[in-house]
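Some notes on the structure that comes next.
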Amino acid sequence: MVSPRTDGVDEDRWIAWLRRRVRRLGWDRIGDDGAVLPAGGPWVTTVDTQIEGVHFFPGLDPRLVARRLLAVNLSDLAAMGAEPTYGFLALTASPGFDLKRFFEAFIDASHRHGVELAGGDLRRSDRVSAALTLVGKASPGGGPARDAARPGDRLWLGGTVGESGLGFRLLQRGARHEGRRIQLPDLGLPRRLEAAARRAVRRHLLPTPQLELGRRLGERRRAAALDVSDGLAKDLHRLCGASGVGAVLDAERLPMPEDSQRLAGALGIDWRGLALGGGEDYVLLFALPEDEAPPKGAGATAIGRIRRRQSVEIDLPEGRRPLDPLGWDHLVSA
């Protein structure tokens, strides 16, 4: 058994260890310069990256880095209603980064979601960076699409928003994930809000891709969808732009738990701003014809309507206002 760290480890020996490890699961595509995939498409492909200091704080447990990397990519497949199949991982590891801890978590999480690690690349640098390409099998009906929204459709969210953004701000203020527990700094929070704080940190570090909801939306005659990764407002602008429509959101319907709203207030943060632009919620934003309800058990919330006029607005207690595309910009925010 080679050392599980990058320090002084021969690459071929490490890949040999990895090949032996994944073959226990019947995965046998790692080893050549490319992977031969069986027929049976059409295929859906997505790629996403996690970079230390950009997407996660330095020193994060490699297990969490692995699980987060997989989850954010799976969320893209969920938005397409696709069935995950194969993964290709390019990992740049810093000195001392625990490769075995990373790969054990990545392989276990991949196996649970039906993803076979089929190849990739491994190298060393001064900070951790991981890029994952996922291949999924397309829904028989083609799946949801960003350009499928039509005037009169109702807008839905497949879960809550704002909690991940709240968790990120708690991490900025000193919250840490240690072992299986979330350690909170002394911020003078009431004890009744500590559970909400830990939930927010966990939500940020370990998002849950809505694969089942995406699959069920893919069975519909028409559904528009994308995952809320960069912020609800920004991603709604993207959906409307792709479909050539506009939308009106109801601010009173934004699904952020009440205890999270109170926690945001205790930290001096505008909860509605987090719900609209906090980002990294990884829930599905989708539009369905007015006479259709979301899949049973989805826990979806109706948050507005699609309209013909190509502008995005929000109904606030003080009246209707234009909604700016609040959220994360990968070329500016980084």
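The values are calculated or read from the model by the stated rules, or taken from the named source; none is laboratory data. Keep in mind the model is a prediction, meaning the values are calculated, not measured. Counting neighbours? That spans all protein chains shown, and the Cβs are built from the backbone with ideal geometry, glycine included. All accessible areas refer to the heavy atoms of the entire protein, side chains included, with ligands and DNA or RNA removed. Shrake-Rupley method; radii C 1.70, N 1.55, O 1.52, S 1.80 Å.
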Probe 1.4 Å, all protein chains in place: accessible area of ARG20 in Å², nearest 10?
-> 140
Mean Cβ count within 10 Å, highest first, over the residues of peptides 217-225, 171-179 | 217-225, 171-179
If one puts a single equal scatterer on every Cα of region 184-322 and applies the Debye formula without solvent, what log₁₀ I(q)/I(0) results at q = 0.17, 0.22 Å⁻¹?
-> -1.03, -1.48
On the protein heavy atoms, probe 1.4 angstrom, tell me the percent of accessible surface of the chain carried by carbon and sulfur.
-> 46
Around ASP315 (Cβ within 13 Å, Cβ-to-Cβ, excluding ASP315; K/R +1, D/E -1) the net charge comes to +2
Per-residue HN-Hα couplings for region 124-133, Karplus 6.51 cos²θ - 1.76 cosθ + 1.60 at θ = phi - 60°, whole Hz, x for Gly and Pro?
-> 10, 8, 8, 8, 6, 8, 9, 10, 10, 9
Order by protection proxy (mean Cβ within 10 Å, highest first), peptides 209-216, 228-235, 89-96, 110-117 = 228-235, 209-216, 110-117, 89-96
At q = 0.08, 0.12, 0.13 Å⁻¹, what is the base-10 log of I(q)/I(0) for the chain according to the Debye formula with one equal point scatterer per Cα and no solvent? Please give it to two decimals.
-> -0.40, -0.88, -1.01
How big is the shadow of the Cα convex hull of region 119-260, averaged over all directions, in nm²?
-> 12.4
Please name which of GLY59, VAL72, THR85 has its Cα lying farthest along the dipole of region 51-109 towards the positive end, using unit charges on Cβ (Lys, Arg +1; Asp, Glu -1) and the Cα centre as origin.
-> GLY59
Show me 274-285, 119-130 ranked by packing, highest mean number of other Cβ atoms within 10 Å first.
-> 274-285, 119-130
Can you work out ³J(HN,Hα) from phi for every residue in region 138-145, in order, using Karplus 6.51 cos²θ - 1.76 cosθ + 1.60 and θ = phi - 60°, giving whole Hz and x for Gly and Pro?
-> 5, 4, x, x, x, x, x, 8
Using the alpha-carbon atoms, what tilt in degrees (0 to 90, nearest 10) does helix 163-172 show relative to the longest principal axis of the chain?
-> 60
Report, largest value first, the span of the C-alpha coordinates of region 20-133 along each principal axis, in whole Å.
-> 40, 32, 23
Could you size up the charge dipole of the chain around its Cα centre, putting +1 on the beta carbon of Lys and Arg and -1 on that of Asp and Glu, and report it in debye to the nearest 20?
-> 640
Around ALA247, which amide H atoms from residues at least 5 apart in sequence, or from another chain, sit under 5 Å from its own amide H, with H modelled in the peptide plane?
-> ARG307, SER311, VAL312, GLU313
In deg cm²/dmol, rounded to 500, what helix-only [θ] at 222 nm does the chain give when every DSSP H run of at least 4 residues adds -39500 (n - 2.57) and the total is split over its residues?
-> -9500 deg cm²/dmol
Residues other than ASP61 with Cβ under 11 Å of its Cβ, Lys/Arg counted +1 and Asp/Glu -1, net out at +4
Per residue convex hull volume, Cα atoms of region 37-103, in Å³ = 96
Relative to the chain, whose Cα atoms define the longest principal axis, helix 11-23 and its Cα axis are tilted in degrees, nearest 10, by 70
Compute the Rg/Rh shape ratio of region 98-203: radius of gyration over Kirkwood radius, all on alpha-carbon atoms.
-> 1.07
Percent of Cα pairs exceeding the 15 Å cut-off, where the set is region 210-284 | 64
Where the chain is the region considered: accessible area per residue in Å², 1.4 Å probe | 46
Where the centre of each part is set by its Cα atoms, how far does region 201-275 sit from region 68-99, in angstrom?
-> 21
Please say if region 176-233 is rounded, prolate or oblate, where rounded means a/c under 1.5 for a ≥ b ≥ c the square roots of the C-alpha gyration tensor eigenvalues, and otherwise the choice is prolate for a/b larger than b/c and oblate otherwise?
-> prolate
Helix 99-112 versus the longest principal axis of the chain: what is the Cα-based angle in degrees, 0 to 90, to the nearest 10?
-> 60
With both partners inside the chain, how many of the DSSP beta bridges are antiparallel, as a percent to the nearest 5?
-> 75
Which of GLU163, GLU52 is most accessible, then next, and so on - probe 1.4 Å = GLU52, GLU163
